[in-house]
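Visitor: Dropping the structure in here first, questions after.
Please treat every number below as a calculation from the coordinates, not as lab data. What you see is a predicted model; the values in this text were computed from it and never measured. Positions of Cβ are generated from backbone atoms using ideal geometry, with glycine treated the same way; all protein chains shown enter the neighbour counts.
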Amino acid sequence: MNLDELRSKIDLIDKELLELFIERLELVRDIAELKSENSVEILDKDREEQILYNVQTDSGEYSKFTIDLFKQILRVSKEMQKEYK
């Protein structure tokens, strides 16, 4: 496989990632609304730790990088929830 072919595959994956991330943000919005209606705090430290543990466990040799990515995803999710509080 040449460089252009590899980059094309990455472009397809990036498109899928974007679609999934937007779907996740829509769910985060729904969660934020429920939390607001029920006076639930945005940060659920136990849940966040479990997510990061699962990511680390499931990503093997890439865990250093996936942990960084998911920390950013969680940061963005909390930021978004604050907008709906």
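Visitor: Roughly what would the spin-label model give for Glu26 and Ile42, points 7 Å off Cα along C-beta, in nm?
Guide: Here the modelled spin labels are 2.3 nm apart.
Visitor: Restricting to DSSP H runs of at least four residues, report the calculated mean residue ellipticity at 222 nm for the chain, -39500 (n - 2.57) per run over all residues, nearest 500 deg cm²/dmol.
Guide: Here the helix-only value at 222 nm equals -30000 deg cm²/dmol.
Visitor: Along the Cα-to-Cβ line of Asp14, 7 Å from the Cα, sits a label point; which residues in the stretch 70-85 have backbone N less than 19 Å from it?
Guide: 70, 73
Visitor: Let me check against my output: what whole-number percent is the relative contact order of the chain, with C-alpha pairs under 8 Å and at least 6 apart? Before the final figure, lay out the partial values.
Guide: Details: 39 pairs, mean separation 32.4, N = 85.
Computed value for the chain: 38 percent relative contact order.
Visitor: Apply the Karplus curve 6.51 cos²θ - 1.76 cosθ + 1.60, θ = phi - 60°, to the phi angles in the stretch 19-32 and return the couplings in whole Hz, x for Gly and Pro.
Guide: Coupling constants for the stretch 19-32: 4, 5, 5, 5, 4, 5, 4, 5, 5, 4, 4, 4, 5, 4 Hz.
Visitor: Follow-up question, since we're still on this one. Under a point-charge model restricted to the Cβ atoms of Lys and Arg (+1) and Asp and Glu (-1), what is the dipole moment magnitude of the chain relative to its Cα centre, in debye to the nearest 20?
Guide: Numbers: 14 positive and 21 negative charges, 60 e Å.
Using Cβ point charges on Lys, Arg, Asp and Glu, the chain gives about 280 debye.
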